[in-house]
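K.L.:
I'd like to ask you about the structure that follows.
The values are calculated or read from the model by the stated rules, or taken from the named source; none is laboratory data. Owing to the predicted nature of the structure, the values given are computational and were not obtained by experimental measurement. Cβ coordinates were reconstructed from backbone atoms using ideal geometry, including for glycine residues, and neighbour counts include every protein chain displayed. These area figures cover heavy atoms from the full protein model, side chains too; ligands, DNA and RNA do not enter into them. Shrake-Rupley method; radii C 1.70, N 1.55, O 1.52, S 1.80 Å.
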Amino acid sequence: MAWTKKVLRVNLTEGTCIGEPLNMEWADQYLGQRGLATRYMCEEVDPTCDALSSENKMIMATGPLTGTMASTGGRYSVICKSPLTGAIACSNSGGFIGAELKNAGWDMIIFEGKSPDPVYLHLENEKAELLPAGELWGKSVWEADEMLHKIHQDPQMRIAAVGRAAEEGCLYSAIINDLHRAAGRSGVGTVMASKNLKAVCVRGTRGVGNIKDPARFMKSTAEQKQVLAENAVTGQGLPTYGTQVLMNVINELGALPTRNMQEVKFEGAHNISGEAMLEPRASDGKANLTTNAGCFACTIACGRISTIDQTHFSVENKPQYWGNSGGLEYEAAWAMGTDTGVDDLDAVTYVNFLCNEDGIDPITFGATVAAAMEMFKDGDLTTEHTGGVELEFGSAKALAWAAEVTCRGEGFGRDLGLGSRRLCEKYGRPELSMTVKSQEFPAYDPRGIQGMGLAYATSNRGACHLRGYTVASEVLGIPEKTDPLVTEGKAGLVKAFQDATAAVDSAGLCVFTTFAWSLENIAPQIDAACEGDWSVDKLAEIGERIWNLERDFNNKAGMTSADDTLPQRLLTEPANTGPAEGKVCGLDEMLPEYYELRGWTTEGELTDDVRGKFNLPV
Amino acid sequence: MQKSLLIDAGKCTGCLQCEMACSYENENVFNPSKSRIKVFTFHDEGRFVPYTCTQCDEAWCLQACPVDAIVVNSKTGSKDVLEDVCVGCKVCTISCPFGTINYNQDSGKVIKCDLCGGDPACASACPTEAITYVDADATGLARMREWAGKTDNTATA
């Protein structure tokens with residue numbers, strides 16, 4: 001129980017929407033959301049297919065705890081093959097539409113094929129229909145959101161949409177739901193637009209029932225909410241500063257990748273930090289941050305709601321950006337600020353608004369601009385390419401311009417929309433792309449936080465902090481402190497984080513709970529909600545099964561151990577200052593042990609033993 | 001002592017725990033669309049505002065009801081809907097100036113906040129104390145204390 005046990009299958013080629021029962025045998029093995037949708041992908045999609053062809057499928061999936069009172073139980077993920085990486089894509093988002101989908105009576109929606117003309121899905125409980133989206137095509141997410149609410153006269157309808165960037169083929173387009181929450185990474189929005197699907201509108205009034213033991217569930221979720229409230233990170237740090245609590249911390253540690261990862265400390269970090277977001281500005285005495293906000297059911301509420309200084313150059317005569325919207329999270333502030341050398345809080349907030357307005361991944365975008373800036377510095381790119389713009393590190397104006405042209409797919413923005421791997425190859429400097437499997441790094445330098453180097457190299461969706469967040473242990477001491485500068489023991493640490501995170505995602509919960517919760521806190525909530533017995537061991541096994549399944553998809557897509565590596569810069573250019581000064585990332589000291597712990601061959605392939613142990617499809 | 005729901009919108013994060021607690025208490029299902037308390041989001045202003053019945057002393061809904069299906073709960077002071085008497089005419093939903101009594105399509109009756117019989121689930125579920133259940137005669141107490149704290153009467157030594 002807790003699942004609705006129903007899947008909506010939308011065939012965009014045929015224009016049909018048909019309900020079918022959820023495969024409960026798979027639900028028992030993969031739980032829900034990320035894991036369960038990946039199982040469907042592996043069954044139904046050829047991993048070698050072109051990600052932007054009609055052969056690819058896109059699944060919006062909730063977990064069994066999505067839509068319940070379990071804290072943070074509002075998550076959904078979008079699973080498909082990524083056009084950016086060629087690997088499995090799984091982008092997780094909060095906001096409200098995941099819970100709304102569950103309330104409408106569905107665990108997941110599988111989109112297949114490709115519509116001949118632009119359409120959007122309108123889903124109201126059992127009633128699903130594809131409607132023409134001709135007038136919405138060419139509009140931003142924010143415009144489309146407003147138009148759809150008007151068309152349906154339903155202020156409570158939840159909407160996920162793609163913007164102009166996705167329509168124009170930007171390879172790291174996001175799906176934006178509830179105006180400023182994003183299934184952000186790996187180009188899931190590009191896949192959606194390639195199917196001529198502009199938006200998904202959901203209204204659910206059926207509710208989520210079917211809880212196995214309601215009294216025990218209410219008691220368990222209440223106890224675990226208390227654990228979150230009493231924890232320093234989830235109870236104080238995140239509500240007050242958001243994930244931006246990290247900007248100054250990671251800078252002090254000398255692990256803040258700066259100016260395309262050439263340096264590890266940023267002199268302007270404070271100016272774009274969580275602390276700076278609380279400081280009153282000169283023009284109107286208001287702070288950048290208006291309030292914190294929670295996604296559905298979230299009792300942490302790390303979300304930032306911000307405004308831009310109306311006198312700032314970026315929004316002059318643009319009243320549409322004067323109101324509140326989703327403010328800076330740490331990774332976005334890092335990529336678009338630190339990595340480009342821009343320490344202008346309003347400029348970075350403006351660019352963040354644009355990322356939400358037209359749906360692009362701020363991490364990949366910022367890191368791509370950073371790579372372009374380094375090529376500009378070296379003369380590989382000139383003002384001839386940029387149409388006269390001086391694309392210099394530290395230029396807030398250049399950053400704002402880059403976001404505008406990328407979001408609209410105009411001029412040099414189309415080059416930026418390729419992501420840094422393809423951009424740097426195009427201009428003859430492939431070594432300047434800070435990526436793994438063609439996906440850009442987030443905000444932790446693996447020379448100063450060694451475990452993250454292995455986590456990036458082995459992440460199943462390309463460089464990513466959310467697949468194995470060893471920062472928790474190496475920096476924050478959760479669950480126990482490890483030395484960030486050593487490689488010893490990190491293979492096991494990375495594996496443990498990867499497996500646990502896969503289980504947390506698949507439950508429909510937010511990974512930020514794991515600053516306070518382990519599987520010990522999560523298992524009782526799932527066990528009270530779902531039929532069957534859900535122990536810590538079973539969840540850990542499910543997490544490991546999911547990790548192996550994702551890896552298997554990637555191997556079948558043609559990836560090998562050669563793809564489990566880092567850019568040469570991180571392996572050969574030592575950190576220039578701080579605690580990690582003189583150090584490179586010791587990936588080769590960790591990777592063989594990691595393969596061994598996974599039970600894979602030295603080539604990173606699954607063995608028959610592993611396949612058998614986890615009952616994986618051949 | 002009668003108690004009232006006290007809502008401090010400035011503390012609300014928009015998480016909807018209150019809506020789920022309400023629907024679970026009253027309908028045995030997590031379903032914000034069936035909640036008697038609603039959180040409104042004012043996106044451009046960056047504000048979240050929970051809103052529900054204030055339990056008017058001279059309740060318009062109670063007076064408008066043609067079949068006397070709305071009665072005063074002597075224990076809590078709430079105005080409760082007697083489901084088996086309600087005929088679903090919706091006159092009360094028109095008479096309420098605040099819109100806090102609503103028709104429920106599934107049951108054909110109206111629903112409104114009844115303070116959960118004296119232990120409101122929304123207040124218990126709220127993680128930020130944006131919704132509390134306090135002495136009805138002193139709902140202004142916290143705000144009075146806040147202003148009192150701003151009085152400059154530090155003892156001079």
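K.L.:
Here are some residues: B:Val39, B:Val110, B:Val72, B:Val49. Which one is open to solvent by less than 10 Å² (accessible area, probe 1.4 Å) and under 18 Å from the mean Cα position of the chain (by Cα)?
P.N.:
B:Val110
K.L.:
Could you grab me the full set of residues in segment A:305-342 that are of a type in the set (Gly, Ala, Ser) and within 17 Å of A:Leu179 (Cβ to Cβ)?
P.N.:
Kept after step one, since they are of a type in the set (Gly, Ala, Ser), are these residues of segment A:305-342: A:306, A:314, A:323, A:325-327, A:332-333, A:335, A:337, A:341.
A:Ser306, A:Gly323, A:Ser325, A:Gly326, A:Gly327, A:Ala332, listed by residue number.
K.L.:
Quick check: is even one residue across segment B:136-148 within 30 Å of A:Gly327 (Cβ to Cβ), within 14 Å of another protein chain (Cβ to nearest Cβ) and either under 19 Å from the mean Cα position of the chain (by Cα) or open to solvent by 90 Å² or more (accessible area, probe 1.4 Å) (or both)?
P.N.:
Scanning segment B:136-148 turns up no residue that is within 30 Å of A:Gly327 (Cβ to Cβ), within 14 Å of another protein chain (Cβ to nearest Cβ) and either under 19 Å from the mean Cα position of the chain (by Cα) or open to solvent by 90 Å² or more (accessible area, probe 1.4 Å) (or both).
K.L.:
Answer yes or no as to whether A:Ala287 is modelled with pLDDT under 95 and either within 14 Å of another protein chain (Cβ to nearest Cβ) or open to solvent by 20 Å² or more (accessible area, probe 1.4 Å) (or both).
P.N.:
When the stated conditions are applied, A:Ala287 does not pass them.
K.L.:
Let me ask you something else. Could you check B:Asp114 against (1) within 14 Å of chain A (Cβ to nearest Cβ); (2) at pLDDT 95 or above and say which number it fails?
P.N.:
Result: B:Asp114 fails condition (1) only.
K.L.:
Criterion first (under 30 Å from A:Ala516 (Cα atoms), more than 14 Å from every other protein chain (Cβ to nearest Cβ) and free of Cβ contacts under 8 Å to residues at least 60 places away in the same chain) does A:Ala61 satisfy it? Spell out the reasoning first.
P.N.:
Values: under 30 Å from A:Ala516 (Cα atoms): yes; more than 14 Å from every other protein chain (Cβ to nearest Cβ): yes; free of Cβ contacts under 8 Å to residues at least 60 places away in the same chain: yes.
Judged against the criteria, A:Ala61 is a match.
K.L.:
Filter segment A:213-224 for residues that are open to solvent by less than 20 Å² (accessible area, probe 1.4 Å) and not polar (S, T, N, Q) and give the result.
P.N.:
A:Phe217
K.L.:
Here are some residues: A:Ser273, A:Ser220. Which one is outside the structural domain of A:Thr307 (by TED's automatic domain parsing) and among the hydroxyl-bearing types (Ser, Thr, Tyr)? Break it down stepwise before answering.
P.N.:
Values: A:Ser273 fails: outside the structural domain of A:Thr307 (by TED's automatic domain parsing).
Result of the check over A:Ser273, A:Ser220: A:Ser220.
K.L.:
For B:Glu27, state whether it is at pLDDT below 95, surrounded by 15 or more Cβ atoms within 10 Å (Cβ to Cβ), within 14 Å of chain A (Cβ to nearest Cβ) and closer than 27 Å to A:Asp154 by Cβ.
P.N.:
yes
K.L.:
Looking only at segment A:193-209, count every residue that is more than 14 Å from chain B (Cβ to nearest Cβ) and over 24 Å from the mean Cα position of the chain (by Cα) and tell me the total.
P.N.:
The qualifying residues number 0.
K.L.:
Give the residues of segment A:435-465 that are over 20 Å from A:Ser420 (Cα atoms) and assigned to a loop (DSSP other than H, G, I, E, B), sorted by residue number.
P.N.:
A:Arg447, A:Gly448, A:Ile449
K.L.:
Which numbered condition in (1) out of contact with any Leu (no Cβ under 8 Å at 6 or more places or on another chain); (2) facing chain B (nearest Cβ under 10 Å); (3) small (Gly, Ala, Ser) is the only one that A:Gly184 fails?
P.N.:
Of the numbered conditions (1) out of contact with any Leu (no Cβ under 8 Å at 6 or more places or on another chain); (2) facing chain B (nearest Cβ under 10 Å); (3) small (Gly, Ala, Ser), the odd one out for A:Gly184 is (2).
K.L.:
Taking A:Glu279, is it open to solvent by 20 Å² or more (accessible area, probe 1.4 Å), free of Cβ contacts under 8 Å to residues at least 12 places away in the same chain and among the charged types (D, E, K, R)?
P.N.:
Yes.
K.L.:
Sort through B:Ala138, B:Ala125 and tell me the only one that's under 18 Å from B:Tyr51 (Cβ atoms) and in contact with a helix residue (DSSP H, G or I) (Cβ under 9 Å, 6 or more places away or on another chain).
P.N.:
B:Ala125
Quick grid of which residues meet (1) within 19 Å of the chain's Cα centre (by Cα); (2) of a type in the set (Gly, Ala, Ser); (3) open to solvent by less than 10 Å² (accessible area, probe 1.4 Å):
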residue	(1), (2), (3)
A:Glu167	no, no, no
A:Arg181	yes, no, no
A:Val191	yes, no, yes
A:Ile211	no, no, no
A:Gln226	no, no, no
A:Pro239	no, no, no
A:Met247	yes, no, yes
A:Leu253	no, no, no
A:Arg259	no, no, no
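K.L.:
A further question on this structure: Any residue in segment A:503-514 that is in a helix (DSSP H, G or I), open to solvent by 30 Å² or more (accessible area, probe 1.4 Å) and of a type in the set (Ser, Thr, Tyr)?
P.N.:
yes
K.L.:
Something else now. With A:Thr470, A:Thr487 as the choices, which residue is hydroxyl-bearing (Ser, Thr, Tyr) and closer than 23 Å to A:Gly35 by Cα?
P.N.:
Of the residues listed, the single one that is hydroxyl-bearing (Ser, Thr, Tyr) and closer than 23 Å to A:Gly35 by Cα is A:Thr470.
K.L.:
Any residue that is in the same structural domain as A:Lys57 (by TED's automatic domain parsing), buried (at least 24 other Cβ atoms within 10 Å of the Cβ), in contact (Cβ under 8 Å) with a residue 24 or more places away in the chain and over 23 Å from the mean Cα position of the chain (by Cα) - is there at least one of those in segment A:127-144?
P.N.:
Checked against the condition, which is being in the same structural domain as A:Lys57 (by TED's automatic domain parsing), buried (at least 24 other Cβ atoms within 10 Å of the Cβ), in contact (Cβ under 8 Å) with a residue 24 or more places away in the chain and over 23 Å from the mean Cα position of the chain (by Cα), segment A:127-144 yields no hits at all.
K.L.:
Is it the case that segment B:76-98 has a residue that's facing chain A (nearest Cβ under 10 Å) and not β-branched (Val, Ile, Thr)? Can you show your working first?
P.N.:
Taking segment B:76-98 and keeping what is facing chain A (nearest Cβ under 10 Å), we get none.
Scanning segment B:76-98, I find no residue that is facing chain A (nearest Cβ under 10 Å) and not β-branched (Val, Ile, Thr), so the answer is no.
K.L.:
Follow-up. Which of the residues spanning segment A:290-319 are open to solvent by 30 Å² or more (accessible area, probe 1.4 Å), more than 9 Å from chain B (Cβ to nearest Cβ) and in contact (Cβ under 8 Å) with a residue 12 or more places away in the chain?
P.N.:
A:Gln310, A:Thr311, A:Phe313
K.L.:
Considering only segment B:33-60, state which residues are touching a Leu at 6+ places or on another chain (Cβ under 8 Å) and either basic (Lys, Arg) or at the interface with another protein chain (Cβ under 7 Å from one of its Cβ atoms) (or both).
P.N.:
B:His43
K.L.:
Looking at the structure I just gave you, is A:Asp415 within 25 Å of the chain's Cα centre (by Cα), under 24 Å from A:Gly184 (Cβ atoms) and either open to solvent by less than 10 Å² (accessible area, probe 1.4 Å) or of a type in the set (Val, Ile, Thr) (or both)? Give the derivation first.
P.N.:
Details: within 25 Å of the chain's Cα centre (by Cα): yes; under 24 Å from A:Gly184 (Cβ atoms): yes; either open to solvent by less than 10 Å² (accessible area, probe 1.4 Å) or of a type in the set (Val, Ile, Thr) (or both): no.
Against the criterion (within 25 Å of the chain's Cα centre (by Cα), under 24 Å from A:Gly184 (Cβ atoms) and either open to solvent by less than 10 Å² (accessible area, probe 1.4 Å) or of a type in the set (Val, Ile, Thr) (or both)), A:Asp415 does not qualify.
K.L.:
Same structure, new question: So A:Ile176 fits all but one of (1) within 14 Å of another protein chain (Cβ to nearest Cβ); (2) open to solvent by 10 Å² or more (accessible area, probe 1.4 Å); what number is the exception?
P.N.:
That leaves (2) as the condition not met.
K.L.:
Do we have A:Ile546 as crowded, with 21+ Cβ neighbours inside 10 Å, assigned by TED's automatic domain parsing to the domain that holds A:Glu581, in contact with a Lys or Arg (Cβ under 9 Å, 6 or more places away or on another chain) and of a type in the set (Val, Ile, Thr) here?
P.N.:
Judged against the criteria, A:Ile546 is a match.
K.L.:
I'd like to check something: does segment A:163-174 contain any residue that is in contact with a Lys or Arg (Cβ under 7 Å, 6 or more places away or on another chain), closer than 21 Å to A:Ile59 by Cβ, part of a loop (DSSP other than H, G, I, E, B) and not β-branched (Val, Ile, Thr)?
P.N.:
Scanning segment A:163-174, I find no residue that is in contact with a Lys or Arg (Cβ under 7 Å, 6 or more places away or on another chain), closer than 21 Å to A:Ile59 by Cβ, part of a loop (DSSP other than H, G, I, E, B) and not β-branched (Val, Ile, Thr), so the answer is no.
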